[in-house]
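A quick write-up on the structure given underneath.
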Amino acid sequence: MTPTSLIFLRPPPHVDFVQGFPGIPSNSERPLASVQGVVELRLGTSPVKAQWVKIELRKLETLPDGGQANTYIDLVGDSPITLWQAKNEWDEIRSQDLSFQIQLPESIPPSLALGSSVGIRYELVASMLTKKK
């Protein structure tokens with residue numbers, strides 16, 4: 001990415017990223033829970049050569065007395081999701097907003113903090129593969 005390239009993650013207007021009720025089965029009146037939002041690409045005045053833009057939801061589970069050695073990372077739902085793909089090997093991409101929705105499985109555990117660094121937490125990560133000039 002160029003020095004002026006920025007990627008922002010934003011929830012839908014006036015609501016949180018998480019939509020629905022995680023862990024509660026869906027029915028005709030209640031859709032399956034999901035994480036929704038927009039990946040905002042702000043790439044400056046000139047386009048950037050890129051191969052793809054992806055988003056993923058990660059579950060990070062840290063066990064006691066381990067730090068990085070006892071941290072386990074799993075992808076949630078259909079992660080990673082490709083939001084934009086080059087038609088050729090590399091294509092130009094400009095500033096734009098890319099919507100996403102990641103369905104949450106009914107069996108997803110809640111976030112949990114047991115002390116300073118032990119527990120379960122989730123990260124939403126957007127990435128773009130760019131070509132150097």
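The values are calculated or read from the model by the stated rules, or taken from the named source; none is laboratory data. As the structure is a prediction and not an experimental result, all values here were calculated from the model. Counting neighbours? That spans all protein chains shown, and the Cβs are built from the backbone with ideal geometry, glycine included. Heavy atoms of the whole protein, side chains included, go into the accessibility calculation; ligands, DNA and RNA do not. Shrake-Rupley method; radii C 1.70, N 1.55, O 1.52, S 1.80 Å.
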Given +1 on the Cβ of Lys and Arg, -1 on the Cβ of Asp and Glu, and no further charges, what dipole in debye does the chain carry about its Cα centre, rounded to the nearest 20? 580 debye
Just the accessible area per residue of the chain, please: how many Å² with a 1.4 Å probe? 65 Å²
Proximal lysine pairs, the chain, alpha carbons under 23 Å, eight or more residues apart or interchain: 11
Work through the residues other than residue 114 whose Cβ is under 13 Å from its Cβ and net out their charges, Lys, Arg +1 and Asp, Glu -1. -1
Ignoring ligands, DNA and RNA, what percent of the 1.4 Å accessible area of the chain is carbon and sulfur? 52 percent
Computed over the chain: relative contact order in percent, which uses C-alpha pairs under 8 Å that are six or more apart: 33 percent
Compare the Cα positions of 99, 110, 18 along the charge dipole of the chain (+1 at Cβ of Lys, Arg; -1 at Cβ of Asp, Glu; about the Cα centre) and return the one farthest towards the positive end. 99
Please work out the C-alpha center-to-center distance from region 76-133 to region 1-57 and express it in whole Å. 8 Å
Cβ-based charge dipole, the chain, positive-most Cα from 35, 62, 6: 6
Listed residues 79, 95, 26, most fluctuating in the chain (Gaussian network, C-alpha, under 10 Å): 26
Please give me, ordered by residue number, the trypsin sites (Lys or Arg not before Pro) of region 19-116 that lie in loop per DSSP and have at most 16 other Cβ atoms within 10 Å. 87, 94
Once Lys and Arg are counted +1 and Asp and Glu -1 for all other residues with Cβ under 15 Å from that of residue 74, the total becomes -1
